[in-house]
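Enquirer: One structure follows; several queries about it will come next.
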Amino acid sequence: MRGVYTVNLVSTNRGEVHLDCAPITTQSLLLSKLLAEYGPDSATFINGDGRAEGVSDGTGRERTLTEPRTAAAERFNAGTVRFLVSTEAAGEGIDLQRNCHTLIHVDLPWNPMRMHQRVGRLNRYGQTRRVEVFTVRNPDTVESRIWDQLTGKLRQITLALGQVMANPEDLEQLVLGMSSPAMFRELFAEARDVPPDDLTGWFDTKTAQFGGRDALDAVRGLVGNAARFDFGQVSALIPKLDLPALKPFFKLMLRLNEKRVKEDGAGLAFQTPDAWRKAPGVASAYAAMAFDRAAGEKQALGVGHKLVDAAIAQARAYTASVAGIPDDLLPDPVFVFQVSDRVTTGTGVVRAVTVAVIDRAAGRELLKDWQVIERLNWVSKKDPRRFDVRPQIDAPSAGAAVDAATAWLAGQLTPLDLPFAFPTARLTCVLIPGPRIGDPSADDPAD
């Protein structure tokens, strides 16, 4: 049977070991071996059914194990169990980097990219140790011989292009990604009928474009251009912000929902606003939450987290688009625009870009999206909502200023090099400075 092996495992790390296999029968055999060797609570599993049948606990008794994949992953990440035995059902959507850095391939998939997807479950943000990857295989099988040919071909490409890419695994993924999955299926399916002595020549013929001159030229062009590219010359185009830049917005949204935020070295603690509790799985309160990629999966905040998405949705639902800002915090008017394509026939993933125009007496300044966030984060730290502001310009003057800023922005869209054929700008927000009404000494800057 393809993919079934007898495995003796010796774990050298204190944490957990992730074993990947394809057939469910292989999974049950591995579970039986682990439970017998390391105890009845040493291993769990993930497959498409949430069910592992015919598992022996070492006493000669067979039983059926059931566990949802999310529960299995949580127990494994928490260190409750030492081993996780998975089929391809764990190839995507499961993060295992918290406590695990050892992966054992017990089955060789026909598409090599799946092996890289498996490694990606461990080699992610938050991983603090070098990921160790082992492969268990029978050298007499057709699959193993084809893998030897693939490895040899990739080694040739790595040697040829090693000067322009430091990480060989990145290069392998690039080459494999250029190859059709159908090619790999044909290789493994047809290789069974090829005599062992003819396998090398047959493989080279079948993979003429895989690692041949065409592939070499394509990869060399990609990585060579990247190696010669001087990112320092365009550093102004590269956003300098990361997840922590979202924290001031999130804290301000909590305050607008009249929720107190406590912050210490562990992160943010707060009660969840009622408006954010509509999604399933949202708790009534949270502690030690952080905008940090290295935080645990239950403590890390970012776009895609239910709370952050709820805060963004609530902010976008506000109808107000004009705000008065104390002029000691923001001395000049700011006009925020959303730039999109007038013609929606493009195939790009960028649908809109945010920019802002600062209208100074000495001349206007254009801010990119990350610069807008940076500027307004500084303002929000002063918590300007505490103060009443008397805007320094009236409505007719504000309208004229908007028209002037819009016309000026139209001349700046081409230099921005946006991915739109016919870019057009729409005003979304106006920030008007003015003197504070009240006692400025009441200013108690928020964290």
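The values are calculated or read from the model by the stated rules, or taken from the named source; none is laboratory data. Please read these numbers as outputs of a predicted model, since none were measured by experiment. With ideal geometry, Cβ positions are generated from the backbone for all residues, glycine too; neighbour counts draw on all protein chains shown.
Enquirer: Identify all residues within the range 51-95 that are under 21 Å from G304 (Cβ atoms), buried (at least 17 other Cβ atoms within 10 Å of the Cβ) and either out of contact with any strand residue (DSSP E or B) (no Cβ under 6 Å at 6 or more places or on another chain) or of a type in the set (F, W, Y) (or both); write none if there are none.
Expert: Those that are under 21 Å from G304 (Cβ atoms), buried (at least 17 other Cβ atoms within 10 Å of the Cβ) and either out of contact with any strand residue (DSSP E or B) (no Cβ under 6 Å at 6 or more places or on another chain) or of a type in the set (F, W, Y) (or both): A73, N77, G91, I94, D95.
Enquirer: Do you know which residues across the range 24-43 are among the β-branched types (V, I, T) and more than 13 Å from V106 (Cα to Cα)? Break it down stepwise before answering.
Expert: Taking the range 24-43 and keeping what is among the β-branched types (V, I, T), we get 24-26.
None - no residue of the range 24-43 is among the β-branched types (V, I, T) and more than 13 Å from V106 (Cα to Cα), so the list stays empty.
Enquirer: Another question about this same structure. Identify the residue in the range 108-147 that is at pLDDT 75 or above, of a type in the set (D, E, K, R) and not in a helix (DSSP H, G or I) and, among all such residues, is farthest from G296 (Cα to Cα).
Expert: Restricting to residues being at pLDDT 75 or above, of a type in the set (D, E, K, R) and not in a helix (DSSP H, G or I), the top hit is E132.
Enquirer: Any idea which of (1) crowded, with 16+ Cβ neighbours inside 10 Å; (2) farther than 22 Å from R390 by Cβ is the one V303 doesn't satisfy?
Expert: Failed condition: (1).
Enquirer: Separate question: List, please: which pairs have Cβ atoms under 7 Å, are six or more places apart or on different chains, and start with a residue in the range 38-66 that is closer than 16 Å to T80 by Cα and aromatic (F, W, Y) and end with one that is in a helix (DSSP H, G or I) and at pLDDT 85 or above?
Expert: Once the first residue is closer than 16 Å to T80 by Cα and aromatic (F, W, Y) and sits in the range 38-66, its partners that are in a helix (DSSP H, G or I) and at pLDDT 85 or above give F45/Q27; F45/L31; F45/A72.
Enquirer: Right, here's the next one. Which residue out of E297, E263 is of a type in the set (D, E, K, R) and part of a loop (DSSP other than H, G, I, E, B)? It would help to see each step written out before you state the result.
Expert: Values: E263 fails: part of a loop (DSSP other than H, G, I, E, B).
Unique residue meeting the criteria: E297.
Conditions tested, residue by residue: (1) more than 24 Å from F76 (Cβ to Cβ); (2) out of contact with any helix residue (DSSP H, G or I) (no Cβ under 7 Å at 6 or more places or on another chain).
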{"site": "N257", "(1), (2)": "yes, no"}
{"site": "V261", "(1), (2)": "yes, no"}
{"site": "D264", "(1), (2)": "yes, yes"}
{"site": "A283", "(1), (2)": "no, yes"}
{"site": "L307", "(1), (2)": "yes, no"}
{"site": "A313", "(1), (2)": "yes, yes"}
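Enquirer: Can I ask one more? So how many residues does the range 283-294 have that are modelled with pLDDT of 90 or more, in a loop (DSSP other than H, G, I, E, B) and crowded, with 16+ Cβ neighbours inside 10 Å? Steps first, answer last, please.
Expert: Of the residues in the range 283-294, the ones modelled with pLDDT of 90 or more are 283-291.
After this cut, where a residue has to be in a loop (DSSP other than H, G, I, E, B) as well, the list is 283-284, 291.
So of that shortlist, the ones also crowded, with 16+ Cβ neighbours inside 10 Å come out as 291.
The total comes to 1.
Enquirer: Determine whether the range 87-101 contains at least one residue that is aliphatic (A, V, I, L, M) and modelled with pLDDT of 85 or more.
Expert: Residues of the range 87-101 aliphatic (A, V, I, L, M): 89-90, 94, 96.
Still in the running and modelled with pLDDT of 85 or more: none.
No, the range 87-101 contains no residue that is aliphatic (A, V, I, L, M) and modelled with pLDDT of 85 or more.
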